[in-house]
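The values are calculated or read from the model by the stated rules, or taken from the named source; none is laboratory data. Just so we're clear, the structure is a prediction, and the values are computed from it rather than from any experiment. Positions of Cβ are backbone-derived with ideal geometry, glycine not excepted, and every protein chain shown enters the neighbour counts. Protein only, heavy atoms only, side chains kept; ligands, DNA and RNA dropped before computing areas. Shrake-Rupley method; radii C 1.70, N 1.55, O 1.52, S 1.80 Å.
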Amino acid sequence: MKIKIEVERCVGHARCAAVAPEVFSLDDNGFNTTEKITVPEALEEKAARGARACPEMIILVEED
Ligand code: SF4
């Protein structure tokens, strides 16, 4: 699974990292600045939950 994040629209809720800290990391100001993530299989469910937790809906999941 791959994840794409529209980082320019991130407003820093930190919900993604609260739900899936192994997948999403935030910068010192609480913004998600990673545009693309390749998610290992074991973390796919958690990553999808983190994506759904983003109120801005800027985390896009691409299935392989
Ligand atoms: S939940 Fe969404 S808006 Fe909030 S930090 Fe994560 S990507 Fe950014």
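Summary table below
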quantity	calculated
Residues within the stretch 35-59 that are surrounded by 17 or more Cβ atoms within 10 Å (Cβ to Cβ) and part of a loop (DSSP other than H, G, I, E, B), tallied	4
Flag if A51 is touching a residue at least 40 places away in the same chain (Cβ under 8 Å) and of a type outside the set (D, E)	yes
Positions within the stretch 22-34 being farther than 12 Å from M1 by Cβ and either small (G, A, S) or within 9 Å of the chain's Cα centre (by Cα) (or both), in sequence order	F24, S25, G30, N32, T34
Which listed residue is out of contact with any strand residue (DSSP E or B) (no Cβ under 9 Å at 6 or more places or on another chain) and not β-branched (V, I, T), from F31, F24	F31
Residues of the stretch 2-34 classified as in a strand (DSSP E or B) and open to solvent by less than 80 Å² (accessible area, probe 1.4 Å), total	4
Matching residues in the stretch 1-40 - criterion: being more than 7 Å from the ligand (Cβ to nearest atom), among the polar types (S, T, N, Q) and closer than 16 Å to V61 by Cβ	T34, T38
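One line per residue, one yes/no per condition, for (1) at pLDDT 95 or above; (2) touching a strand residue (DSSP E or B) at 6+ places or on another chain (Cβ under 7 Å):
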| site | (1), (2) |
| --- | --- |
| R9 | yes, no |
| H13 | no, no |
| A20 | yes, no |
| L43 | yes, no |
| A47 | yes, yes |
| L60 | yes, yes |
| E63 | no, no |
